[in-house]
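The values are calculated or read from the model by the stated rules, or taken from the named source; none is laboratory data. Values in this document were obtained by computation on a predicted structure and should not be read as measured data. Here the Cβ positions follow ideal geometry from the backbone for every residue, glycine too, while neighbour counts run over all protein chains shown. Please note that ligands, DNA and RNA were not included when accessible areas were found on the heavy atoms of the full protein model with its side chains. Shrake-Rupley method; radii C 1.70, N 1.55, O 1.52, S 1.80 Å.
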Amino acid sequence: MKTGTMVLDTQKKYGSRALILSIGAGLLFLALGQKGICRGLVLGGVFSAVNFVLMGQMLRYQLSDNRKASIQRSFLSLLMRYALLAIPLVLAVGSDRFDFTATAAGIFMVQLVIMIEHGSRLIFASFKH
């Protein structure tokens with residue numbers, strides 16, 4: 001049960017930070033008059049957070065004693081998450097309301113938040129020594 005709690009905490013931490021970053025960046029671009037970029041960042045950021053949550057939730061179903069079933073579940077989970085991430089890209093291509101590049105960048109918000117956190121840890125750890 002402890003592992004499940006750690007996964008939920010990690011999901012909450014990075015998912016909420018990714019949403020805050022995408023909304024904050026979106027508001028900055030909205031203030032600059034770039035509505036399409038704002039919408040794209042927020043749309044991609046929301047789907048990025050949902051994808052991250054689904055990845056954590058599906059993790060427990062992918063682990064099993066049966067190797068074949070585990071591989072099938074992993075593959076199905078991957079396909080489902082790729083289909084989910086395709087939704088904002090298809091919306092951005094089909095609509096002038098969303099900037100495609102900003103939407104694609106928003107899809108990587110969770111990864112960006114993780115890299116920023118670990119990069120800042122490395123930088124600040126070097127100042128302590």
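Ligands, DNA and RNA left out, the 1.4 Å accessible surface of the chain is 70% carbon and sulfur atoms.
Rg to Rh ratio, the chain, alpha-carbon atoms and Kirkwood radius? Walk me through the numbers on the way to the answer.
Values: Rg = 17.2 Å, Rh = 16.1 Å.
So for the chain, dividing Rg by the Kirkwood Rh gives 1.07.
Using a Gaussian network model of the chain in which every pair of alpha carbons under 10 angstrom is joined by a spring, one finds that among Phe98, Phe52, Phe75 the greatest mean-square fluctuation is at Phe75.
Magnitude of the Cβ-charge dipole of region 1-110, K/R +1 and D/E -1, about the Cα centre, nearest 20 debye? Intermediate values should be presented prior to the final figure.
Working: 12 positive and 4 negative charges, 69 e Å.
Here the size comes out at about 340 debye.
Listed values for region 81-95 are Karplus-derived 3J(HN,Hα) couplings in whole Hz (6.51 cos²θ - 1.76 cosθ + 1.60, θ = phi - 60°), namely 5, 5, 4, 4, 6, 6, 4, x, 5, 5, 4, 5, 5, x, 9, and x replaces Gly and Pro.
How high is the relative contact order of the chain, in percent, with contacts defined as C-alpha pairs under 8 Å that are six or more residues apart?
Relative contact order comes out at 35 percent.
Measuring only protein heavy atoms, the 1.4 Å probe finds Asp9 accessible over about 90 Å². Only helical runs count toward this figure. For the chain, summing -39,500 (n - 2.57) over DSSP H runs of n ≥ 4 and dividing by all residues gives -31000 deg cm²/dmol at 222 nm. For Phe124, the solvent-accessible surface with a 1.4 Å probe is about 130 Å², rounded to the nearest 10.
Excluding ligands, DNA and RNA, the accessible surface per residue across the chain is 68 Å² with a 1.4 Å probe. Extension gain, Leu79-Asp9: 0.36 nm per intervening residue step, less the Cα-Cα distance, totals 22.7 nm.
Hey, with R₀ at 25 Å, roughly what FRET efficiency would Met55 and Arg97 work out to, going by the Cβ-Cβ distance, to 0.05? Write out the running numbers ahead of the final one.
On the way: r = 28 Å, r/R0 = 1.12.
Taking R0 as 25 Å, the efficiency between Met55 and Arg97 is 0.35.
Comparing Gln111, Gln11, Gln72 in a Gaussian network model of the chain (Cα springs below 10 Å), the most mobile by mean-square fluctuation is Gln72.
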